[in-house]
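Note sheet for the following structure.
The values are calculated or read from the model by the stated rules, or taken from the named source; none is laboratory data. Please read these numbers as outputs of a predicted model, since none were measured by experiment. Reconstructed Cβ throughout: ideal geometry from the backbone, glycine too, with neighbour counts over all protein chains shown.
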C-alpha cells in the first residue's frame, strides 16, 4: 500500500510525450520533396552554359545520373519501420496458458485510440492458442478490486515503464485466474495531412510498446515497433481537373490529401509482429495412473 501511495502521489505531475496531429507538413518538407527535380534543372542550365554539352560521353553521364535520381526518389519516401523484440530464454518453462489483456495506455488518455489498438491486437492474436481475457473485463475487475486508485496505479506503471508493475501483477493474475498479463502502450499516434495547395504525401504513423509479464511479475516478452504508411503524392492541379500518373495524384480534391486510416497502419504493424509473439507451449502430458486392476 505504501508503494501504491508513493506511485500515485507522483501521477498528477507526470506527463508523457506530446502526441501531434498536424494539418500540413512543414514548408521545409514540401520543398525537400521537390528538391531533386529542382537541382536537376539547375544542373542542366549550368552545364549548358559552362560545358556547352560538347562531349557525347558527358551527355550520357548526365542522363544516367538523372535516371538514378528519379529511381531513388520513391525509395526515399518509402514507409519507415522499426521493430525490437525480446523473449525470456525460459519462456517455455513459464507454462503460460492464459493471458489477461490490460486496458491500452496512451499519454493523451484517448478512449477511441485505446479501443482501436485493443481491437486490432485481438483480431491479430486471437488464434495464438492462449485463453484470453479482454481488456474490458480486466478493467471492470480492477475497478471492483481497488476503485479508481488501482486503475490509475496500473495505468501509471504502463506509461512509466511500458509494462505492468511487478508488485501488482501477482495480485491481478490471481484475481483474473490467468498466468500472465499483457500490456500495450501507444508511444506515437500521428497523422500528417497535405494542404490542397501544397505538394507532398500525407502519412500516418503508429508506434507501440507491448509487454507480457507472468504471474510472478517477471517480464517474459517485450516488443516495440513503428509503422508509417504514406498516401499518394499530391500535386496541386492548376486546371482544376485531376489525372493519375503512376503514384502521383494531380488533383485539387481534398480527399487526396487525407492521410491513411490508423486501422490500416495498425494492421500492417501487428501483422508484422505475428511471428514475433511467442506461441503457446502445450503443458506436459499428465502421466497415466497406474493400473491397479492388472493381475501381478
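Given the conditions (1) in a helix (DSSP H, G or I); (2) surrounded by fewer than 19 Cβ atoms within 10 Å (Cβ to Cβ); (3) touching a strand residue (DSSP E or B) at 6+ places or on another chain (Cβ under 9 Å), report the number of the one that residue 170 does not fulfil.
Among (1) in a helix (DSSP H, G or I); (2) surrounded by fewer than 19 Cβ atoms within 10 Å (Cβ to Cβ); (3) touching a strand residue (DSSP E or B) at 6+ places or on another chain (Cβ under 9 Å), the lone unmet condition for residue 170 is (3).
Run residue 165 past the list (1) touching a helix residue (DSSP H, G or I) at 6+ places or on another chain (Cβ under 7 Å); (2) in a loop (DSSP other than H, G, I, E, B); (3) more than 23 Å from residue 85 (Cα to Cα) and report the number of the one that doesn't hold.
Here residue 165 meets the rest and fails (3).
Residues checked against (1) buried (at least 20 other Cβ atoms within 10 Å of the Cβ); (2) more than 25 Å from residue 280 (Cα to Cα):
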site	(1), (2)
195	no, yes
204	yes, yes
208	yes, no
213	yes, no
219	no, no
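Does residue 120 satisfy the condition of being under 16 Å from residue 100 (Cα atoms), assigned by TED's automatic domain parsing to the domain that holds residue 190, surrounded by 19 or more Cβ atoms within 10 Å (Cβ to Cβ) and under 23 Å from the mean Cα position of the chain (by Cα)?
Taking the combined requirement at face value, the residue satisfies it.
Being in contact with a strand residue (DSSP E or B) (Cβ under 7 Å, 6 or more places away or on another chain), more than 30 Å from residue 283 (Cβ to Cβ) and either modelled with pLDDT of 95 or more or in a loop (DSSP other than H, G, I, E, B) (or both) is the filter here, so list the residues in the range 57-113 that pass it.
77, 79, 80, 105, 106, 113 - these are the residues of the range 57-113 that are in contact with a strand residue (DSSP E or B) (Cβ under 7 Å, 6 or more places away or on another chain), more than 30 Å from residue 283 (Cβ to Cβ) and either modelled with pLDDT of 95 or more or in a loop (DSSP other than H, G, I, E, B) (or both).
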